[in-house]
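Asks: Can you keep this structure in mind? I'll have questions shortly.
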Amino acid sequence: MPVTIDLRQAVLHKVHGQSEENLRAMIEGSVDGPEAALPGLGVMFEMVWKDLEQAKQDRVISMLHRHLEEVTPGSVMS
């Protein structure tokens, strides 16, 4: 029987025990990188989000909102 793990567990397994320098390199290599890296960044964002107090979450939301106001999404139709 094949062993299956969910995406969160797979990401955690990959990054567990990494140094801060390796984590930074992984994140910087994923930002603006291949779309396959986006789920991993999402899992890592989720970890950070859960650790933030309400005021910091509010600042993150404001920052995201500001960035979204400045971009024009491309067409989702090919």
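The values are calculated or read from the model by the stated rules, or taken from the named source; none is laboratory data. As the structure is a prediction and not an experimental result, all values here were calculated from the model. Cβ coordinates were reconstructed from backbone atoms using ideal geometry, including for glycine residues, and neighbour counts include every protein chain displayed. When the accessible area is computed, the model is the full protein with side chains, heavy atoms only, and any ligands, DNA or RNA have been set aside. Shrake-Rupley method; radii C 1.70, N 1.55, O 1.52, S 1.80 Å.
Asks: List the residue pairs whose Cβ atoms are under 8 Å apart, where the first residue sits in the stretch 4-16 and is basic (Lys, Arg), the second is open to solvent by less than 100 Å² (accessible area, probe 1.4 Å) and assigned to a helix (DSSP H, G or I), and the two are 6 or more positions apart or on different chains.
Replies: Note: pairs meeting the criteria are Arg8/Val43; Arg8/Glu46; Lys14/Gly40.
Asks: Residues in the stretch 64-76: is at least one open to solvent by 70 Å² or more (accessible area, probe 1.4 Å) and either touching a residue at least 24 places away in the same chain (Cβ under 8 Å) or within 19 Å of Arg24 (Cβ to Cβ) (or both)?
Replies: Taking every residue of the stretch 64-76 in turn, none turns out to be open to solvent by 70 Å² or more (accessible area, probe 1.4 Å) and either touching a residue at least 24 places away in the same chain (Cβ under 8 Å) or within 19 Å of Arg24 (Cβ to Cβ) (or both).
Asks: Does any residue of the stretch 25-34 turn out to be out of contact with any Cys (no Cβ under 7 Å at 6 or more places or on another chain), part of a loop (DSSP other than H, G, I, E, B) and either surrounded by 11 or more Cβ atoms within 10 Å (Cβ to Cβ) or touching a residue at least 12 places away in the same chain (Cβ under 8 Å) (or both)?
Replies: Restricting attention to the stretch 25-34, the residues satisfying the condition of being out of contact with any Cys (no Cβ under 7 Å at 6 or more places or on another chain) are 25-34.
Filter once more, so that each one left must be part of a loop (DSSP other than H, G, I, E, B): 31-34.
Of the ones still in play, those that are also either surrounded by 11 or more Cβ atoms within 10 Å (Cβ to Cβ) or touching a residue at least 12 places away in the same chain (Cβ under 8 Å) (or both) are 33.
Checked the stretch 25-34: at least one residue is out of contact with any Cys (no Cβ under 7 Å at 6 or more places or on another chain), part of a loop (DSSP other than H, G, I, E, B) and either surrounded by 11 or more Cβ atoms within 10 Å (Cβ to Cβ) or touching a residue at least 12 places away in the same chain (Cβ under 8 Å) (or both).
Asks: So, in the stretch 36-55, how many residues would count as being surrounded by 11 or more Cβ atoms within 10 Å (Cβ to Cβ) and either of a type in the set (Asp, Glu) or in contact with a helix residue (DSSP H, G or I) (Cβ under 8 Å, 6 or more places away or on another chain) (or both)?
Replies: Result for the stretch 36-55: 10.
Asks: Suppose we keep only residues that are of a type outside the set (D, E, K, R) and part of a helix (DSSP H, G or I) within the stretch 2-21. Which one would you say is most open to solvent (accessible area, probe 1.4 Å)?
Replies: His13
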